[in-house]
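The values are calculated or read from the model by the stated rules, or taken from the named source; none is laboratory data. Since the model is a prediction, treat every value here as computed from it, not as a measurement. FYI the Cβ positions are ideal-geometry reconstructions off the backbone, even for glycines, and counts take in every protein chain you see.
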Amino acid sequence: MGTFLARRLIFSAFVLLGVSVIVFGLLRLSGDPTALMLPIDATEEDEIVLRRALGLDEPLPVQYLTFLSRAVVGDFGTSIRHRQPALQMVAERIPATLELAALSFVVALLIALPLGIFSALYPNSFIDRLSVLMALVGQAVPTFLLGIILILVVSVQLQLLPAFGRGGIENLILPALTLGTYSAAFINRLLRSSILEVLDTDFIRTARAKGFANRYIVIRHALKNAAIPVITVMGLQVSALLSGSVVTETVFAYPGAGLLLVQALGNRDFPVVQAFVMVIAVLVIIINLVVDVIYGLVDPRVQITG
Amino acid sequence: MAESLQQTTVPQLATPHAERRTRPRWQQNLFALLYDPVTLISLIVLTAVIVMAVAAPVLTPHDPELQSLRLRTRPPFWLMNNEPGYPLGTDALGRDILSRIIFGARVSMLVGIGAVIIQGTIGVLVGLMAGFFGGWIDTVLMRLADIQQAIPFLILAVAVAAVVDQSLLNVIIVLGVAGWVPYGRVVRAEVLSVREREFVTAARALGSSNLRLIFTHILPNVAASITVISTLTISTMILAEASLSFLGLGVPPSTPTWGGMVAAGRDYLATAAWVSIIPGIAIFLTVLSINLLGDKLRALLDPTL
Amino acid sequence: MKHLRLLAVIAFALLLVVPTAAQDESSITIALGTDAASLDPQLQNDAFTTSILSNIFDTLIYRTADLALEPGLATDWELIEDTTWELTLQEGITFHNGEALTAADVEFSLERPLDESLGSPLTSRFRVIEDVEVVNDFTVRVHTVNPYPLLPARLSEWFIIPQDYFEANDPAFVSENPVGTGAYRFVEWVRDDHLDLVANEDYWRGAPEIQNVRFRPIPETSTRVAALQAGDVDLITNVPAFRQAEFETADNLEIRTVPSTFFQYVGLDGTKNEALADVRVRQALQYATNVPEIIEFLFDGSGAQIAVPLAFGTFGLDESIEPYPYDPDRARELLAEAGYGDGLTIAMDAPTGRYAQDREVAEALAGQWAQVGITVDLNINAWADQLARYRDGDALVETHFMGWGTSTFDADDVLFSAFANRPNKTNYINDELTELVTTARTSLDQEERAELYGQALAIIYEEVPWISLFQQFDIYGVRSDLNWQPRPDQKIEVRTISIES
């Protein structure tokens, strides 16, 4: 385990390096922040002056090395648009997005777990069909459409919950529902098919034949085995939630990291996007590490390598 | 061994090929499939979508890009004040929604299937190799997946849109390239658990080559997961296209896509809901059908059955 | 047992859901399309940010809602030489931190953006300033590099900042903690969430009626409208034109509109498509453009057709010029004469997500031009991409759909950089026009300038280097009991708002 972690740590450094090169390159391809800042009648000379002041006039390799050498010590530069430290701007947004992600994950599990288990236990029954259908409704509607409809119905018509923004839990309910229903369908279906698969394996059949007809035991066995793909997907979802809540946060004007990303990208605010992606990269590395370790714990047949 | 190989070559969607199989189990399954009303309805919906996609120019009553501002946001036939000849109403530029739905089927299916083929191919190959060979290959591939996963696909989409003009092909490629990681990880995870099973170790002991092991023993066993993910992601991709349109990074707007229509119509939800809701229903039905069918297919493909 | 616990959690969650607290009478919440970029007024060039900042900072000269110039922090301004303006400051004005406003602050405010290392997007605007001379505590002289008739107009845009405060503090801190002389003091800013201001009781124009203001950014239009309808906010910007009807039936909400300073046009580049070098083709395009139809059906009437590329109320605009009529037959004739009777294909760059229904306008133009045989190859670009192409100039295709907002309300703002400057974005060269506009630029005789612009516009009208489209209306949604009228420059001056009791 110790050497495993040590090796992963070394490889992680390479992952971060790879991410930084790619993001830096993609961003420079995406345009020029000064174009967006200047008045419409600005001349080419004005652009050159502004680029020089912002350090965007240096050759790209020099800019990259400057970025890298500072990033190593945690300095991701200053936001071009907002003139604030980029990393701090990202860090300020993480709690809001984590709150949203956590609650939507709870929503997803609340929907997915019972539905998934029920439909796997009674495959092709009415309950199964209904649960598949329910899970699918959430999955088949574009996120932004669901969000806007929820706002129109719950906030405008019924006047039950605020339409937007961050505040108490009442502000979180609609966005969490919007975000959670999508993951719910995914987890529900994966859970169902995994449990079905496990229920069909020899050892469960044997267990059943031996008279362990107790559903509870079956579910426990099945869940444990079905956990692998589900954990994998959950791992994917956590990082996807962080950057994937872009649409939901935009619809609900929710001041999380996703909204920051989409706006920083729109403004070509390179330092903020770079800081954002490096934070995500670190999270992805940690999550994947945890997922790999959990594999080993859940399914002893899996040897941890790499 | 031979049996499982054949099973994996069955195309992802049910096609007439399957009927030529003479194996009793297959026949059984197929009959079950066709007698199941849910499956049948799904099949009908999907057939309709595919027919729309293929024969769009013949089926449309109007040019999907022809606009008439004077006819903007006319409601569909079941509402008051509708315009004869425009059964599903018109959008914000007075274009015929029915015609755009029909043409949109083509684009949306292209996006969905195209992106899934790209990401599936990359992801499954990576997952198989990583899981089967383990060691440094696994390490390198999985760290590559980490890199891909850490880069929000929006950045890729923004960069591509800036370098080349927005187009259908670019959207497909962006979605395809950015989406292989889930396949890679799930397939790898499955392979990890399959490769230690008795029948694989037995085959290996009998001297099977790696390639043979992967494609005859491992792949069939992870096919169920791949199918589930693929069907789910076809719909995910159709929806992702909608999200891209929402963020202004989608297919050029005069090209009708369902996602683009929903996105463009969202501002009208309070006043002319059909502009957005009707393509939303098209997406809903298609996604539902694909997923229901994918579920059935999973049962058929699962070698443990 | 587990279920019980779950139920308890849900019940608790529901208990926390309290109805939105009723607004107290002297507080309002205003929802804008985006948040402020920076609260350092010289490090941003953004309409919403300027709108917020206009409550915290003042200008030397004040632009009234009907576009007249009147005293602001300066009681008087006078041209004493061709390149020298003398301004007299009001005495007894203090910044929110207690610092007194003096000529040194004015000097600092006008010279700071000239420091190129500051990275201000506004540097180009200030470059006309040669030097600011402090005569005494309340008198300054502004020396310009050449005779500059637009200086009073510019001084009505530029916020005056406190020198000591800016010099004593870190730039990152200053840009999040603004201190001005305005009607409201800064309280708190949580980016993309809310920005709070409180009334400045010592304001030199008198304490404002509204005590507390909260600005909230809501980028998604439907959400912004919903937030107003749900009662979460009291005033919103950028209501889509087609949603005005909803407000007619609502009992406590209203629409307030004002013609904006923004107009839209299509630039034509004859160097990229030789057909567009032919004046007949350009005129044909203008004849083939049915602007009234776009205004009526896309904007529900909320817009005004323009005859030449200037917004109404702009100095130098002869408002009696009639726009080209919509005449597709005439367009076809002209095209045939020019040798394009069989049709013509032109490419167009158009933005999405910037102006009201921009994408739809571009598509509508393509549809209208198709009727006279012109096929438009439409490139819809995200705003950043469109602007990058625009800046580059060479990257633009042969036509581009854009909007132009003037802040000086002077013809020079558009005409010089669009048609006289070389290179300009449509590569349009007309020596006579260049001469007229360049002369007007440095003339201090307003009558002469008006005359010169009249001649310039006659050429533009005939030559059609741009297709003139329309001037948008800014549409605000408000609580009916708010006494407030919008300004044409998008500034929301909260001190002018009061609540009917």
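List of remarks:
- Against the conditions (1) surrounded by fewer than 24 Cβ atoms within 10 Å (Cβ to Cβ); (2) more than 22 Å from the chain's Cα centre (by Cα), C:THR257 satisfies every one except (2).
- Condition check for C:LEU122: under 28 Å from A:GLY55 (Cβ atoms), within 12 Å of chain A (Cβ to nearest Cβ), within 25 Å of the chain's Cα centre (by Cα) and surrounded by 21 or more Cβ atoms within 10 Å (Cβ to Cβ): yes
- Matching residues in region C:208-236 - criterion: being more than 10 Å from chain A (Cβ to nearest Cβ) and out of contact with any helix residue (DSSP H, G or I) (no Cβ under 9 Å at 6 or more places or on another chain): C:GLN211, C:ASN212, C:ARG214
- Hits in region B:148-175 - residues which are among the hydrophobic types (A, V, I, L, M, F, W, C) and modelled with pLDDT under 85: B:ALA150, B:PHE153, B:ALA161, B:ALA162, B:VAL163, B:VAL164
- Filtered residues of region C:426-440 (kept if in contact (Cβ under 8 Å) with a residue 40 or more places away in the chain and either at positive phi or surrounded by fewer than 21 Cβ atoms within 10 Å (Cβ to Cβ) (or both)): C:ASN427
- Whichever residue in region B:149-200 is of a type in the set (S, T, N, Q) and buried (at least 24 other Cβ atoms within 10 Å of the Cβ) and, among such residues, is nearest to the other protein chains (Cβ to nearest Cβ): B:GLN149
- One residue stands out in region C:125-142 among those that are under 27 Å from the mean Cα position of the chain (by Cα) and over 14 Å from C:GLU78 (Cα atoms): the one that is surrounded by the most Cβ atoms within 10 Å (Cβ to Cβ), namely C:ARG125.
- Exactly one residue among C:GLN490, C:GLN472 is more than 14 Å from chain A (Cβ to nearest Cβ), surrounded by 23 or more Cβ atoms within 10 Å (Cβ to Cβ), closer than 30 Å to C:ARG216 by Cα and modelled with pLDDT under 95, and that residue is C:GLN472.
- Among the residues listed as C:ASN252, C:ASN273, the single one being out of contact with any Asp or Glu (no Cβ under 6 Å at 6 or more places or on another chain) and either of a type outside the set (Ser, Thr, Tyr) or within 30 Å of C:PHE57 (Cα to Cα) (or both): C:ASN252
This table checks each residue for (1) small (Gly, Ala, Ser); (2) assigned to a helix (DSSP H, G or I); (3) touching a His at 6+ places or on another chain (Cβ under 9 Å); (4) at negative phi.
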| site | (1), (2), (3), (4) |
| --- | --- |
| B:LEU192 | no, yes, no, yes |
| B:SER208 | yes, no, yes, yes |
| B:LEU211 | no, yes, no, yes |
| B:GLY250 | yes, no, no, yes |
| B:PRO253 | no, no, no, yes |
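- Given (1) more than 14 Å from chain A (Cβ to nearest Cβ); (2) surrounded by 21 or more Cβ atoms within 10 Å (Cβ to Cβ); (3) in contact (Cβ under 8 Å) with a residue 40 or more places away in the chain, number of the condition C:ASP410 does not satisfy: (1)
- Residues (closer than 21 Å to C:LEU298 by Cα, away from chain C (no Cβ under 14 Å) and small (Gly, Ala, Ser)) located in region B:51-84: none
- A Cβ distance below 9 Å, combined with a sequence gap of six or more or placement on separate chains, defines the contacts here; from region B:145-160, residues that are under 24 Å from B:LEU125 (Cβ atoms) reach residues that are buried (at least 24 other Cβ atoms within 10 Å of the Cβ) and of a type in the set (D, E, K, R) in the pairs B:ALA145/B:ARG185; B:ALA145/B:ARG188; B:GLN149/B:ARG185.
- Test: residue in region A:251-272 that is modelled with pLDDT under 70 and either facing another protein chain (nearest Cβ under 10 Å) or farther than 30 Å from B:MET142 by Cβ (or both): no
- Single condition A:LEU60 does not satisfy, out of (1) at pLDDT 90 or above; (2) crowded, with 18+ Cβ neighbours inside 10 Å: (2)
- B:GLY127 vs. criteria more than 8 Å from every other protein chain (Cβ to nearest Cβ), in contact with a helix residue (DSSP H, G or I) (Cβ under 8 Å, 6 or more places away or on another chain), at pLDDT below 90 and more than 21 Å from A:LEU29 (Cβ to Cβ): no
- Restricting attention to region A:36-51, the residues that are in a helix (DSSP H, G or I), surrounded by fewer than 18 Cβ atoms within 10 Å (Cβ to Cβ) and within 7 Å of chain C (Cβ to nearest Cβ) add up to 0.
- Residue in region B:266-277 that is under 30 Å from A:LEU196 (Cα atoms), buried (at least 23 other Cβ atoms within 10 Å of the Cβ) and either among the small types (Gly, Ala, Ser) or more than 9 Å from chain A (Cβ to nearest Cβ) (or both) present: no
- Subset of region A:101-127 that is within 11 Å of chain B (Cβ to nearest Cβ) and in contact (Cβ under 8 Å) with a residue 60 or more places away in the chain - its residue that is surrounded by the fewest Cβ atoms within 10 Å (Cβ to Cβ): A:PRO123
- Matching helices (runs of 4 or more DSSP H) fully within region C:281-385 where at least 3 residues are of a type in the set (D, E, K, R) and closer than 30 Å to B:ASP267 by Cα: C:358-370
- Residue that is in a helix (DSSP H, G or I) and at pLDDT 95 or above, where the choices are C:LEU87, C:LEU110: C:LEU110
- Residue match in region A:35-46 (condition: hydroxyl-bearing (Ser, Thr, Tyr) and over 29 Å from C:THR408 (Cβ atoms)): no
- Qualifying residue in region A:1-18 (condition: surrounded by 15 or more Cβ atoms within 10 Å (Cβ to Cβ), over 30 Å from A:LEU297 (Cβ atoms) and either at pLDDT 85 or above or touching a Ser or Thr at 6+ places or on another chain (Cβ under 7 Å) (or both)): no
- Test result for C:GLY270, surrounded by 19 or more Cβ atoms within 10 Å (Cβ to Cβ), in a loop (DSSP other than H, G, I, E, B) and on the phi < 0 side of the Ramachandran plot: yes
- Strands (runs of 3 or more DSSP E) completely within region C:165-250 that count 3 or more residues being surrounded by fewer than 21 Cβ atoms within 10 Å (Cβ to Cβ): C:184-190, C:194-199
- Members of region C:351-392 that are more than 7 Å from every other protein chain (Cβ to nearest Cβ) and among the β-branched types (Val, Ile, Thr): C:VAL361, C:VAL372, C:ILE374, C:THR375, C:VAL376
- Test result for C:ILE80, crowded, with 22+ Cβ neighbours inside 10 Å and among the β-branched types (Val, Ile, Thr): no
- Of note, C:ALA395 does not satisfy the criterion of being of a type in the set (A, V, I, L, M, F, W, C), in contact with a helix residue (DSSP H, G or I) (Cβ under 7 Å, 6 or more places away or on another chain), within 26 Å of A:PRO39 (Cα to Cα) and within 9 Å of chain A (Cβ to nearest Cβ).
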